[in-house]
Amino acid sequence: MIGKFITLEGMDGAGKSTHIPNIIALLQAQGHEVVSTREPGGTPLGERLRDLLLHETMHVETETLLMFAARREHIANVIAPALARGAYVLSDRFTDATYAYQHGAKGVDIKKIEALENWVHEDLQPNVTLLFDVPVEVSMRRLASARQPDKFERESHEFFHKIRQAYLLRAALNPSRYRVIDANQPLEVVNKSVETIIATL
Ligand code: TMP
């Protein structure tokens, strides 16, 4: 692997997507080819699965399997080829989101997710994961004033609390990969934190 794999994570409403254009520009200014993508999605099939995942009611294990089906396609067609040619891949969410949402909030057995992770991307992990962390109240307030909520965004306070805790645990367990950003600050301050992290990649 020559390129670098950077992932963005956080609860809905944490504001991570706002920073994508800036991160792309910073990486390009360092001279890198940047492939910006997202999960679920990132390929034509993955985007169709995304539409189902975000709008259809389904068993939580079906949801988990479809997340990994979309991911398999995403890695094969986008992520692995880009890394192999030395590009920097920036993905808005990856497998940490499955740990946080399907395990942390929805209770899927972590062993099943680990098994799928080993199957789908045994040899691939993000080099760096930026976790945009905000209190649950902030995330819920931002979502309430935003666009029409999808299936995930209509969940309860308890659900969001579990997601946040699951992400913070992932960060604590993977300290060399994770950079936790306090995203409950003015945009310029969050921008500065992002810039500092990108400068040291
Ligand atoms: P987004 O709004 O950040 O694009 O993410 C779409 C939703 O999908 C978000 O609510 C989180 C959810 N999701 C999971 O539940 N598990 C996953 O593995 C991924 C990648 C996303």
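The values are calculated or read from the model by the stated rules, or taken from the named source; none is laboratory data. Since the model is a prediction, treat every value here as computed from it, not as a measurement. Here the Cβ positions follow ideal geometry from the backbone for every residue, glycine too, while neighbour counts run over all protein chains shown. Only protein heavy atoms, including side chains, enter the accessible area calculation; ligands, DNA and RNA are left aside. Shrake-Rupley method; radii C 1.70, N 1.55, O 1.52, S 1.80 Å.
Any idea how far apart Ser156 and Ile110 come out in nm if each label point goes 7 Å out from Cα toward Cβ?
Roughly 2.3 nm, to one decimal.
Order of 82-88, 35-41 by packing, highest average Cβ count within 10 Å first?
Highest to lowest by the protection proxy: 35-41, 82-88.
May I ask you to order 163-175, 111-123 by the average number of other C-beta atoms within 10 Å around their residues, highest value first?
Values: 163-175: 16.8, 111-123: 13.5.
Sorting 163-175, 111-123 by mean packing, highest first, produces 163-175, 111-123.
So how compact is the chain: Cα radius of gyration and Dmax in angstrom?
16.0, 44
So what are the radius of gyration and Dmax for the Cα set of the stretch 47-164, in Å?
Rg, Dmax (Cα atoms, Å): 15.1, 43.
So what's the gap between the Cα centers of the stretch 79-93 and the stretch 134-150, to the nearest angstrom?
Comparing the Cα centres of the stretch 79-93 and the stretch 134-150, I get a distance of 30 Å.
Before anything else, pin down the relative contact order of the chain: Cα pairs under 8 Å, at least 6 apart, normalised by residue count, whole percent.
Working: 292 pairs, mean separation 65.3, N = 201.
This gives 32 percent for the chain.
Which order do peptides 93-102, 65-74 fall in by mean Cβ count within 10 Å, highest first?
Result, highest mean Cβ count within 10 Å first: 93-102, 65-74.
Tell me the mean residue ellipticity at 222 nm calculated for the chain from its helices only (DSSP H runs of n ≥ 4, each -39500 (n - 2.57), averaged over every residue, nearest 500).
The per-residue figure over the chain is -14500 deg cm²/dmol.
Given Cβ point charges of +1 (Lys, Arg) and -1 (Asp, Glu) and nothing else, what value in debye, to the nearest 20, does the dipole of the stretch 29-88 about its Cα centre take?
Values: 6 positive and 8 negative charges, 48 e Å.
The dipole of the stretch 29-88 has a size of about 220 debye.
Report, in debye and to the nearest 20, how large the dipole of the chain comes out about its Cα centre when Lys and Arg carry +1 and Asp and Glu carry -1 on their Cβ.
Around 180 debye, computed over the chain.
Sort the stretch 9-95 into rounded, prolate or oblate with this rule: let a ≥ b ≥ c be the square roots of the eigenvalues of the Cα gyration tensor; rounded if a/c is under 1.5, and if a/c is not under 1.5, prolate when a/b is larger than b/c, oblate otherwise.
Judged from the Cα gyration tensor, the stretch 9-95 comes out oblate (a/c at least 1.5, b/c at or above a/b).
Show which lysines lie in cross-link reach of Lys4 when reach means a straight Cα distance below 25 angstrom and same-chain residues fewer than eight apart are skipped.
Output for Lys4: Lys16, Lys192.
Would you mind checking which residues have amide H under 5 Å from Glu33's amide H? H placed 1.01 Å from N; only 5 or more apart, or other chain.
Placed amide hydrogens put Tyr88 under 5 Å from Glu33.
Need one value: the accessible area of His59 in square angstrom, 1.4 angstrom probe, rounded to the nearest 10.
120
Among Gly41, Val108, Gly3, whose Cα sits farthest toward the positive end of the charge dipole of the chain (+1 at Cβ of Lys/Arg, -1 at Cβ of Asp/Glu, about the Cα centre)?
Gly3
Which percent of the accessible area of the chain is formed by carbon and sulfur heavy atoms (probe 1.4 angstrom)?
Working: 5150 of 9660 Å².
It is 53 percent, rounded to a whole number.
Counting heavy atoms of the protein chains only and a 1.4 Å probe, report the per residue accessible area for the stretch 4-199 as a whole number of Å².
Accessible area per residue: 47 Å².
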